[in-house]
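See structure below.
The values are calculated or read from the model by the stated rules, or taken from the named source; none is laboratory data. On a predicted model such as this, the values are computed, not experimentally measured, just so you know. All Cβ positions, glycine included, derive from the backbone under ideal geometry; neighbour counts span all protein chains shown. We work out accessible area using only protein heavy atoms, side chains counted, and drop any ligands, DNA or RNA first. Shrake-Rupley method; radii C 1.70, N 1.55, O 1.52, S 1.80 Å.
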Amino acid sequence: MNKKILIVDDDEAILEVLSAITEMADYTVQTATSGEGALAIFKNELPDLIVLDMLLPGISGKQVCEILKKDLKTKKIPVVMISANLKDEDFRREPWAEEFLEKPLDMDKYLKVIARELARAEVTA
Amino acid sequence: MLKRKSGITERKILALLMENTETQLAYLDKDFNFIKVNSAYAKGSGHKKTELIGKNHFDLFPDKENQKIFEKVRDTGKAVKFLAKPFVFPLEPERGTTYWDWSLTPIKDDEKKVIGLAFSLTEVTNYKRTEESLRRSERKYYMLFDSMVDGFAYHKMIYDEQGKSIDYVYLEINAAFEKITGKKRKTILGKRMTEVWPNATKVDFDWIGEYGEVAKTGKRIKFERYFEPLNKWFTITAYSTKKGYFATTFRDITSRINTVKKLKHLASFPRFNPEAVLEVDYTGLVTYANAAVYKILKEAWLGKNAQIFLPSNIGEIIKTLRKRKGVSSVIQEVKVGDKYFDLKIYHLAKMGIIRIYGHDITNRKKIEQQKDEFFSIASHELKTPLTSIKAFLQLIRKICKGECNPQMGHYHERVGVQIDKLTHLINDLLDVSKIQGGKLIITKEKIKIDKLIEEVAGDVQMTVGSGHKIIFEKKTEATILGDPYRIGQVLANLLVNAVEYSPEADRVEISAKRKDGMVIISVRDFGVGIEKEKQKQLFERFYQIKPGRDYLGKFSSLGLGLFISAQIVRNHGGKIGLKSKVGKGSTFYFSLPEGN
């Protein structure tokens, strides 16, 4: 069965293109445009990996990550943070996330990271 | 009159007078033997009358000088008279020098032949001594009076019929008076004040009235006053020892007053400076703070302790400044209440002073903050569409892989390069804005440097393509303390530059080594190299070496890369530099502190 990946970003274009590329790599994609939306999805089913934009309206990506990592059910799901402001001290490395990617993303690197984190999660599981 | 009386009566009266006078009288024959003396003489000589009569004067009181005088009077027949003539009793030297008014008158017979001498003398020793001491003290006082530095004048007040003082007359002045006022004694004594100083009464001080009170009441006054006719300031004491008269002593204080004025004038510069001015001693304690400091503290509800104005590390700053020679300074930013200040801290070594000027930069800070926010938001907003553009482009390439014609593939690649360039430009602008605002903040993490180099080298290798091989051979097991993102940025920048400026070469080398607690990372290219003169400017803002149009490669930027890299390295406490030879290539290196 294909791995399920949840992509959270408030920019529709990014969401669309990331979904397309992720699906092309044979993953099942779910999307959310806000932190609240992402958390709602977790109530129904758990994805295998989450691609999370750091800066979201309402509950930010950082906060979503923190909530997930504090929950026993979700703490092992790898989180790949994406941000346009990674170098900015206000968007410093969120200690809970597995990986960080700076926007604009390089798609090869993006897919490599997803594959690696999924593999790593499988080993630890 | 006496001649008319009978001989006996006349002699009696004469004898009576002779006996009762204080004047010592003696009658001597021509050989100076005593014939007759009065009681006063006997007493004065210390002998009884009977002891004297018949004796020779110079046997009893030998004195060669006097003897000559006696002989001269006898031989010439002319009388002599002396006033306060000194005489030392040869047999009684303990009496000291005595003084005598005396006269010697020859007594002649009818043939005008000298038959004897009338000797009249009065001792004036006591009088003489008193007089001398008086003279001495008088002279002393006069000298004192005339050698006084202060001017002195003695005056008589003039009153009108109602008893109102209307003028005064100069009775005496001293040398200092002449010197200070330029008026001579001869021209001033006996003159009225209104004659001597016709303009003095027109100014705002009633000299005559004030002195009139002194002369009337005897009350002493002391005051400082400007005296217009001389254009000078004086400190004056006026007193009176006799009603209607008064004396003044005065001193020229013009230079003191002018000095005080000058000092006040100078002091007004820091005092009324609208910007904060402080001075501290070498321990960092405030010794002076101007009005602006207290105004700022008051507005910020911080009370009156000017110490609050200083940074907490003022002691260290002073220590650093004192190690330098001459006038040295540092600038330190502080927050006082909700205001920001740039403190320029100076060490004036010769005066042993630490002086601080505080410039209010609150408005600038606000604008900077807005600018930083704007840059942050702008860069985020610009990168968001870039992210999707880049991703869509990569998606298109994936979809038409193999199906696209080669021309299309080339165009895709060109678009990709331009997107990366745009991303770099946005990042660089954001970084420069931060550096200028002093907001390039470095986190400190332990980083395994080999791993970081490998990662960055891998990323750069992917972007530059296969034309250059990035080789990392000399490894070190070192751990450094620093910000992985920022160090990665420096390394990537150096690697991209190395590729860019060595278009003919096929490789770039990285090496790392440990030295004196630092890790030195070098990036070597085999390109065009950099001329010595240009090397210094390399790390300046907006500086770019343009080897030629052909080399303006894929990653050209605003010329900010090395400037940003240098700032990052310096913020880590490291150094950045290069070695280069034209035609042989360049080696850029930077050091970072080891962290164990």
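List of remarks:
- Measuring r between the beta carbons of B:Tyr226 and B:Lys140 and using R0 = 41 Å, the FRET efficiency lands at 0.70.
- Taking N as its residue count, the alpha carbon Rg of chain A over 2.2 N^0.38 Å: 0.95
- Rg to Rh, two decimals, where segment A:16-56 supplies the alpha carbon set and Rh follows Kirkwood: 0.96
- Here the alpha carbons of chain B define both size measures, Rg and Dmax, at 56.1, 186 Å.
- With all pairs of different C-alpha atoms in the average, the Kirkwood value for the hydrodynamic radius of the protein assembly as shown is 38.2 Å.
- Label-to-label distance, nm, for residues given as B:Glu275 and A:Ala20 (7 Å Cα→Cβ offset): 5.8 nm
- Projecting label points 7 angstrom from Cα along Cα→Cβ for B:Lys68 and A:Asn44 puts them 15.6 nm apart.
- Cα-based equivalent ellipsoid, segment B:44-96: semi-axes from gyration tensor eigenvalues, Å: 21, 16, 10
- Kirkwood-type hydrodynamic radius, segment B:46-197: 21.0 Å, calculated from all non-identical alpha-carbon pairs.
- Put simply, the amide H of B:Ile107, placed in the peptide plane, has neighbours under 5 Å in B:Ile115, B:Gly116, B:Leu117, B:Ala118, leaving out anything fewer than 5 places away on its chain.
- Rg to Rh, two decimals, where segment B:86-131 supplies the alpha carbon set and Rh follows Kirkwood: 1.20
- Helix B:7-20 and the longest principal axis of the Cα set of chain B meet at an angle near 30°.
- Isolated cysteines in the protein assembly as shown, defined as those with no second cysteine Cβ under 4.7 Å, comprise A:Cys65.
- Helix axis angle, B:561-571 relative to chain B longest principal axis, alpha carbon, degrees: 60 degrees
- Nitroxide proxy distance, nm - points 7 Å out along Cα→Cβ at A:Asn2 and B:Arg256: 10.2 nm
- At full extension, B:Lys108 and B:Glu531 could sit 138.8 nm farther apart than now, given 0.36 nm per residue minus the alpha carbon distance.
- Most mobile listed residue (A:Asp26, A:Asp108, A:Asp48) in chain A, GNM with C-alpha springs under 10 Å: A:Asp108
- Projected area, mean over directions - segment B:490-531, Cα convex hull, nm²: 3.5 nm²
- Dipole of the protein assembly as shown, positive end: most advanced residue of B:Val523, B:Asn20, B:Tyr154 [Cβ charges, Cα centre]: B:Asn20
- With protein chains left intact and a 1.4 Å probe, residues in the protein assembly as shown average 58 Å² of accessible area per residue.
- Per residue Cα convex hull volume in Å³ - calculated over segment B:424-497: 93 Å³
- A cut-off of 5 Å between modelled amide H atoms, ignoring neighbours fewer than 5 places along the same chain, links A:Ile82 with A:Leu52, A:Asp53, A:Met54, A:Leu101.
- Within segment B:47-67, backbone nitrogen closer than 20 Å to the virtual label 7 Å beyond the Cα of B:Thr97 toward Cβ: B:62-67
- Under 30 Å from B:Lys398, Cα to Cα: lysines that are on another chain or at least 8 residues apart: A:Lys3, A:Lys4, A:Lys87, A:Lys103, A:Lys109, A:Lys112, B:Lys383, B:Lys390, B:Lys421, B:Lys469, B:Lys554
- Computed with the Debye formula from one identical point scatterer per Cα of segment B:83-170, without solvent, the log10 of I(q)/I(0) at q = 0.20 Å⁻¹ comes to -1.00.
- Sulfur and carbon atoms: percent of accessible area, chain B [1.4 Å]: 54 percent
- Radius ratio Rg over Rh of segment B:423-462, counting only Cα atoms, Kirkwood formula for Rh: 1.10
- Kirkwood Rh (inverse of mean 1/r, distinct Cα pairs), segment B:348-454, angstrom: 18.5 Å
- For A:Asp48, the residues 5 or more places off, or on other chains, whose built amide H falls under 5 Å of its own are A:Lys4, A:Ile5, A:Leu6.
- Helix-only CD estimate at 222 nm, as mean residue ellipticity for chain B, using -39500 (n - 2.57) per DSSP H run (n ≥ 4): -13000 deg cm²/dmol
- Accessible surface buried upon A-B contact (total; probe 1.4 Å; Å², nearest 100): 2700 Å²
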